[in-house]
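What follows draws every value from the coordinates through simple rules; no lab data is involved. Given the structure is predicted, the values throughout are model-derived calculations rather than measurements. Every residue, glycine among them, receives a Cβ derived from its backbone with ideal geometry; neighbour counts consider all protein chains shown.
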Amino acid sequence: MTARSLALVLLPALGCATATHHHRPTESGLEVHTLTLDHSNAHLVVTADGAFLVDSATPSRVDDLVEAIRDAGVEPAELRAVILTHGHADHAGGAKTLHERFGVPIVAGVGDRAMLAAGANELLCPTDWIARKRLETDQNLRFESTVADRWVAAPTSLARLTGIRGRVLPMAGHTEGSLVVVAGEVAFVGDLFRGSIVGRTATTHFYICDLDDNLEDLRTLLEVAPDATTFFTGHFGPVSRAEVEALIIARGR
Ligand SMILES: [Zn+2]
């Protein structure tokens with residue numbers, strides 16, 4: 001079976017009714033619960049010092065996200081923050097509801113302020129046939145106008161935002177306000193790249209407008225997160241550091 005025909009078989013199955021939930025404890029004691037709704041990952045990070053959420057699913061799935069957070073043993077009102085890796089609807093869509101219903105502070109990159117206010121994705125540039133097939137649907141997704149409680153414009157201490165050690169780093173590219181969150185030996189990279197649909201390799205994301213700039217960002221990521229061994233992606237994944245290095249080599253040819 002070719003990769004293309006395999007993807008055609010698997011893609012319709014991505015819109016599951018309830019969240020799939022993968023729980024991954026790490027050596028540094030931080031626990032990552034990846035909650036996947038449709039094709040988007042939200043990552044619930046639980047530590048002895050508290051919990052926070054990275055990304056918030058699509059707007060239509062926020063009730064399922066809330067249920068999944070509770071199933072993971074965390075009451076949404078206890079979340080220290082929801083950090084948006086970027087302002088696309090499938091990552092930012094549930095944030096306003098989490099804020100209004102549970103008082104969860106929203107953290108986002110200042111470069112995505114206009115997109116979050118508009119509640120609409122800015123121009124998407126497909127990189128492969130899957131994205132071209134999905135483009136019209138993804139481009140037209142809408143979500144509630146969202147305002148962050150904390151805008152990130154420069155490298156920022158995660159402890160200042162959540163009480164949990166780590167860093168939040170602006171990495172403009174996929175969107176102007178894209179952020180990377182680094183904590184312990186893990187990094188949350190949003191759509192800087194994605195995991196492969198089958199297996200655990202790192203793959204170019206579905207939508208990237210400037211591929212050269214994206215390749216530079218991949219190199220920068222490994223420099224600014226030298227201790228990160230696992231990279232949690234917005235779609236599929238996670239992937240190992242070796243797989244990110246392999247993607248950089250493949251893309252640099
Ligand atoms: Zn995106």
(message) Using 0.36 nm times the number of residues separating A154 and F102, minus their current alpha carbon distance, what extension gain do you get?
(response) 16.0 nm
(request) Let me see the pair-distance distribution of the chain: every alpha carbon pair, 5 Å bin width, integer percents in order. (result) 1, 7, 14, 20, 22, 18, 12, 5, 1, 0
(request) Could you tell me which of rounded, prolate or oblate describes region 173-230, using a ≥ b ≥ c as the square roots of the eigenvalues of the alpha-carbon gyration tensor, with rounded for a/c under 1.5 and, failing that, prolate when a/b is larger than b/c and oblate otherwise? (result) oblate
(request) Counting only C-alpha contacts under 8 Å and six or more residues apart, can you give the relative contact order of region 13-252 as a whole percent? (result) 15
(message) Run the simple label-point estimate for R200 and E185 please: 7 Å along Cα→C-beta, distance reported in nm.
(response) 1.2
(message) Quick one: 3J(HN,Hα) in Hz for region 239-249, Karplus 6.51/-1.76/1.60 with θ = phi - 60°, rounded, Gly and Pro as x.
(response) 10, 7, 4, 4, 6, 5, 4, 5, 5, 4, 5
(request) Go through region 75-85 residue by residue and turn each phi into a ³J(HN,Hα) via Karplus (6.51, -1.76, 1.60, θ = phi - 60°); whole Hz please, and just put x for glycine and proline. (result) 7, x, 5, 8, 4, 6, 5, 10, 9, 8, 5
(request) Once you've got the GNM for the chain with C-alpha springs shorter than 10 Å, pick whichever of H43, H88, H23 has the biggest mean-square fluctuation. (result) H23
(message) Taking 0.36 nm per residue of sequence separation and subtracting the Cα-Cα distance, how much length would be gained by fully extending the chain between I130 and E144, in nm to one decimal?
(response) 2.4 nm
(request) Step through the residues of region 146-158 one at a time and calculate ³J(HN,Hα) from phi using the Karplus curve (6.51 cos²θ - 1.76 cosθ + 1.60, θ = phi - 60°), rounding each to whole Hz and writing x for Gly and Pro. (result) 10, 10, 6, 7, 10, 9, 9, 10, 8, x, 9, 5, 5
(message) Which of S28, S178, S60 ends up with the largest GNM mean-square fluctuation for the chain, with Cα atoms connected below 10 Å?
(response) S28
(request) Just check region 109-155 against the gyration tensor rule for me: Cα atoms, a ≥ b ≥ c as the square roots of the eigenvalues, rounded for a/c under 1.5, and otherwise prolate or oblate depending on whether a/b exceeds b/c. (result) oblate
(request) Just subtract the alpha-carbon distance of D213 and T26 from 0.36 nm times their residue separation and send over the number in nm, one decimal. (result) 64.2 nm
